[in-house]
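Chemist: Dropping a structure here in structure tokens format, bear with me for questions.
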Amino acid sequence: MGYNLDTSWIVTLINSEKSGSMLTAKKDTKFRSMVETIIDCTLGFIIGIAVNYFVLPFYVTPIQNGEFWGMASISLWYLAVSLIRRYVVRRWFENHKKAFSKFIYDLSHTQKLSL
């Protein structure tokens, strides 16, 4: 009793990767990940300050009374803003991967000028 495994999809996958018709995931460099993280955290800090000014004035009474649901709704605002920010930053870096790589390459291959 034998099993008949269809492996034709593997050959199709390999051929499509060789021809370049399929997008393949490339690993990000450590430097690129570090830059993305720094930009994301910096934007998070700036956006968090802005959210403080726009959201917290509506929750003065729940904050003073220490109401659980008031605090939970403030947390939901921060969660929503954070998810949107993270998605936008990630998509921006993915869409500008080639430009960012060229920038880093140019930056690392420029000769230092001696004065």
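Laboratory data are not the source of any read-out in this text; all were calculated from the coordinates shown. Keep in mind the model is a prediction, meaning the values are calculated, not measured. As a convention, Cβ positions derive from the backbone with ideal geometry for all residues, glycine included, and neighbour counts pool all protein chains shown.
Chemist: At a 10 Å Cβ-Cβ cut-off, how would you order HIS96, HIS109, fewest neighbours first?
Modeler: Numbers: HIS96 12, HIS109 7.
Result, fewest neighbours first: HIS109, HIS96.
Chemist: Hey, another quick one. How high is the FRET efficiency between ALA72 and ILE46 when r is their beta carbon distance and R₀ equals 35 Å, given to the nearest 0.05? Intermediate results must be reported in sequence, preceding the final value.
Modeler: Numbers: r = 24 Å, r/R0 = 0.70.
Taking R0 as 35 Å, the efficiency between ALA72 and ILE46 is 0.90.
Chemist: What ranking of LEU76, LEU43 emerges when the number of other C-beta atoms within 10 Å of each C-beta is taken as an exposure proxy, fewest first? Mind dumping the intermediate values first?
Modeler: Working: LEU76 10, LEU43 14.
The fewest-first ordering by Cβ neighbours comes to LEU76, LEU43.
Chemist: If I model a spin label at SER101 and THR37 as a point 7 Å from the Cα along the Cα→Cβ vector, what separation in nanometres do I get?
Modeler: Here the modelled spin labels are 2.2 nm apart.
Chemist: Have a look at GLY48, HIS96, MET34 and report the one farthest towards the positive end of the charge dipole of the range 23-108, computed about the Cα centre with Cβ charges (Lys/Arg +1, Asp/Glu -1).
Modeler: HIS96
Chemist: Continuing with the same structure: Pop a pseudo-label 7 angstrom from the Cα along the beta-carbon direction at both LEU56 and SER82 and give the gap in nm to one decimal.
Modeler: It works out to 1.6 nm between the two label points.
Chemist: Need one number: convex hull volume per residue for the range 23-108, Cα atoms only, in Å³. Mind dumping the intermediate values first?
Modeler: Working: hull volume 10.4 nm³, N = 86.
With only Cα atoms used, the range 23-108 gives 121 Å³ per residue.
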